[in-house]
Amino acid sequence: MVMQDIYQTFEFYKIIETVSEYNKTALGKVYNQDLKMLPDIETVENALLDLAEINSLIIRFGRLPIANSANALLLIEMAKKTALLTPRDLHLIAEDVLTIAKISAFFKKIGVTYKRIAHLTAGFIDLSNLEKEIHRVITNALTLADNATPELRQIRQKLKKAEHHLQAKIATLAVTYAKYLNDDNFTIRDGHFVLPVKTVEKNRVNGIVYDVSDSGNTTFIEPLEIVQLNNEITTLKVQENDEIRKILKALTALVLLQEDEIITNNKIIALLDFLSAKALYAQKIDGVIATCSRQQLIDLKLARHPLIETDKVVTNSFYLDEKAPIIVISGPNAGGKTVALKTVGLLTLMHQAGLAIPAQKGVIGYFKNIYIDIGDNQSLSDNLSTFSAHVSQIGHILRRVGSKDLVLLDELGTGTDPRAGEALAIAIAKHLQAKQPLSLISSHFGALKEYAFLSKNIVNASMIFDEQHLRPTYRFKQGVPGISYALEVAARYGLDERIIAEAETFLTNHHQNESGKLLDILQQKIEEVDRLQTTLTKQKSELAHREKQLSSAEDLFTTRRKNLLKDVKVEKAEMIATTKQEISDIIAKMHRSNLRVHEVIKLKKDLEKLEEKAEEEIFDDDIILDDYVLIPSMNISGRVARIKGEKAYIIADGGLAFDVSKNKLKKIKAPKIKRAKVKQTNYDLAINTEVGIELNLIGMRVEEARSALIKYLDNCRLKNLKQVRIIHGFGSGALRTSVRDYLKTQKDLTYRAGGEYEGGGGATVIMFDQ
């Protein structure tokens, strides 16, 4: 029979899941998922010292500046297999180098040395040259920069010139063949510029047919006049892709030359993230780092089960040592005996895994093994009843247990004849006395409670029952045997009073002996004294807790205030001046007419980052649709195009779009602008159309949405956008199906479902082949 799994029974995986929520790095999450009992007390002590130091650091100065970090070992393995890392892979490797720089700057700024953490960070290796080379080649948009190599720059210049020439030529042809067209604008099919010719007039235009509309009314023809230009562009794009592949291979080779250094840095970042996650979990549960004892000891003050909701959990204190290593817990059914066993077991496991525990105080020895028999162990595969399964499990434990172990036995001896079960429970308790592990045993047997009462090294304990309201309190009382209150509980749940009375008469006349009566009287007397002391103890505990909270809060406030106010005026002035200058420079760049789309997107992202850096000012203007507003932090004005909750979608005067919180907007008067009427060609109209990086189809009918999608994709191609998002929502799925069915017919693009932060299944992300 397999020994009962403590990790599964105690639901330790749920603790790991909660700790992992605080991870920033992929490898740090792996370390957390591998949490288990550490092999010896020295390792436990070191793990807890590391935790105490990082916890102190975070409380005083906040979290370490650890960004999202990939598992570098997996990236290196991929590089070895394919010899080709993607721009995203290379970007992630470079980001680790920037994270190291931020961590170093963080410690330099706080001016306080944490020896254990400093010893860890001393292992960082400088790879700044690698980072600079990667970011010289890879842009923030995860594309290759034009200046990555002279060859790439030359190819892209030729490509840009050819595309401009082609667009001018096709615009002219659109005018020439205007009376044969179904639409004023040209479009793109299979990467070729084509004219939307009326099918009945298709013989009027000499060229190559690339597509026919669903209705059959439009034939998309590439005029012969531009075939050569299209072929030239196709050739240049092939050359561009070949050069990009060559550049990425060279960067991958550079990464592999420094693979050991990259992995070392990645592991240190992950260890810092691993420690930070454990510290943040400790703060979440208001936990303490228990003291390691070299003796066999469990001393828990006001311990709480971490998986029970904080507004429902009852705190209890437990004490076991070598002089009294066994506790027998008795009390009513559903009174909390099993929870008490699991609380002691889980907190001991957490401590030996290097975690803080939810308690006011803890001193815990080191246990080589934690043996348990908790719950219904009935085995259908082994043809074992509940009792047989329990006995089999306990037999395995008794053959292996030693003085350095912890044993937890729930409802010992139940599931068989009560007298035989009682005798068996006493015999097992004697065996554990001889083996001397620390043990907690729950039981209803009166003879076992009596045996514990007469033994010097076994302690009785009980789960207190509220006799007045006939309900359990879940409070653990050490030193007092418990009563099962079976008849009282039966009465509470509606059993006939005559049956209860007959049971009481039978119990009085046949089963309850003098020792049992004396134990019951003793418990009642102790509980009377306990009730008198409870109120005073509770008030003292609450007062001490509040005093501790106030003291900690005051110390934390004082410390952070000193840190925040240090040179704050000078830093603030410098930050504001720098930010204003950067905003001015970015806006000036946006007015350049030769910007490509990805450059505009990058500048917009830079503006949004600067907005976050700028000093925030809150406004309470009632912002509604079509208002003309100012974004003070960016000194940019525009009109409100859409409102969703507390966010407003702003179209700026220059054509850029921003998502901004409404309380950061100030309503202003719209400027009066006189625009001269200028006759534009079809080409001008197409080129100058503003194209956003997303299209919202929600609320449209399928036919309407398909038409909007086709036009939008054509404009995206004209603007050379590389990636856009189509928002179709979930709904019945008709819009999503229509969108993706159409995209399957387009050979110059690929698509995927939206990611976690891109709208999930309610959106489709499109990547154009460049």
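The values are calculated or read from the model by the stated rules, or taken from the named source; none is laboratory data. Just so we're clear, the structure is a prediction, and the values are computed from it rather than from any experiment. Counting neighbours? That spans all protein chains shown, and the Cβs are built from the backbone with ideal geometry, glycine included. Quick note on the areas: whole protein, heavy atoms, side chains included, nothing else; ligands and nucleic acids left out. Shrake-Rupley method; radii C 1.70, N 1.55, O 1.52, S 1.80 Å.
Worth pointing out:
- Shown is the FRET efficiency for ALA423 and ILE499, computed with R0 = 45 Å from the Cβ-Cβ distance and rounded to the nearest 0.05: 0.95.
- Integer Hz, Karplus 6.51/-1.76/1.60 couplings in order for region 346-352, x for Gly and Pro: 5, 5, 5, 4, 4, 4, 6
- In the frame of its principal axes, region 315-380 has Cα extents of 36, 28, 25 Å, reported largest first.
- Radius 11 Å from Cβ of SER69, net charge of other residues (Lys, Arg +1; Asp, Glu -1): 0
- Cα gyration tensor shape of region 166-214, rounded if a/c is under 1.5, else prolate or oblate by comparing a/b with b/c: oblate
- Accessible surface ranking that places the most exposed of ASP417, ASP622 first, with a 1.4 angstrom probe: ASP622, ASP417
- Peptide packing: for 723-733, 183-193, 662-672, the average count of neighbouring Cβ atoms within 10 Å per residue gives the ranking 183-193, 723-733, 662-672, highest mean first.
- Using only the C-alpha atoms, the convex hull of region 195-256 corresponds to 85 Å³ per residue.
- Under the shape rule built on the C-alpha gyration tensor, where the axes satisfy a ≥ b ≥ c, region 1-47 is oblate, since a/c reaches at least 1.5 while a/b does not exceed b/c.
- Relative packing of peptides 344-355, 258-269, 78-89 - highest average C-beta neighbours within 10 Å first: 344-355, 258-269, 78-89
- Gyration tensor (alpha-carbon) shape descriptor, region 396-462, a/c threshold 1.5: oblate
- The figure for LYS540 is an accessible area of roughly 130 square angstrom, using a 1.4 Å probe on the protein chains alone.
- Considering every alpha-carbon pair of region 309-430, the percent of pairs per 10 Å bin, from zero through the bin containing the longest distance, is 11, 39, 35, 15, 1.
- Accessible surface, region 404-464, averaged per residue in Å² (probe 1.4 Å): 39
- Quarter the surface of the alpha carbon convex hull of region 1-109 and you get the mean projected area, 10.6 square nanometres.
- Distance between the modelled labels on GLU225 and ARG400, one decimal in nanometres: 8.7 nm (7 Å Cα→Cβ projection).
- Sites ASN140 and LYS540, calculated FRET efficiency, Cβ-Cβ separation with R0 51 Å, nearest 0.05: 0.30
- Amide H contacts under 5 Å for ARG189, placed H, 5+ residues apart: VAL194
- Ordering of 745-756, 632-643, 434-445 by packing [mean C-beta count within 10 Å, highest first]: 434-445, 632-643, 745-756
- 3J(HN,Hα) couplings calculated from phi for region 418-428 with the Karplus curve 6.51 cos²θ - 1.76 cosθ + 1.60 (θ = phi - 60°) are, in sequence order, x, 5, 5, x, 5, 5, 5, 4, 5, 5, 5 Hz; Gly and Pro show x.
- The Cβ shell under 15 Å around TYR31 holds other residues with a net charge of 0, Lys and Arg each +1, Asp and Glu each -1.
- Rounded to whole Hz, the Karplus (6.51, -1.76, 1.60) HN-Hα couplings of region 96-105, x for glycine and proline: 4, 5, 5, 4, 4, 4, 5, 5, 4, 5
- Rg and Dmax over the alpha-carbon atoms of region 96-250 stand at 26.2, 83 Å.
- Kirkwood estimate for region 266-370, i.e. one over the average of 1/r between Cα atoms, Å: 14.8
- Solvent accessible area, Å² - LEU532, 1.4 Å probe, full protein context: 140
- Per residue, region 76-146 exposes an accessible area of 54 Å² to a 1.4 Å probe, with every protein chain left in place.
- Accessible surface, region 298-372, averaged per residue in Å² (probe 1.4 Å): 33
- Principal axis dimensions, region 235-320 - Cα atoms, whole angstrom, descending: 78, 34, 15
- Amide hydrogen neighbours beyond the local backbone of ILE326, cut-off 5 Å, H modeled: SER439, VAL459
- A simple spin-label model places pseudo-atoms 7 Å from Cα toward Cβ; at THR199 and THR745 they are separated by 1.2 nm.
- Rounded percent of accessible protein surface that carbon and sulfur make up, region 142-212, 1.4 Å probe: 48
- Ranked by solvent-accessible area (1.4 Å probe, protein heavy atoms only, all chains present), the residues LYS477, LYS102, LYS278 order from largest to smallest as LYS102, LYS477, LYS278.
- Amide H contacts under 5 Å for VAL288: ILE357, ALA359, restricted to partners 5 or more places along the chain or on a different chain, H placed in the peptide plane at 1.01 Å from N.
- Distance in nm between pseudo-label sites at ILE41 and PHE453 (7 Å out along the Cβ direction from Cα): 3.6
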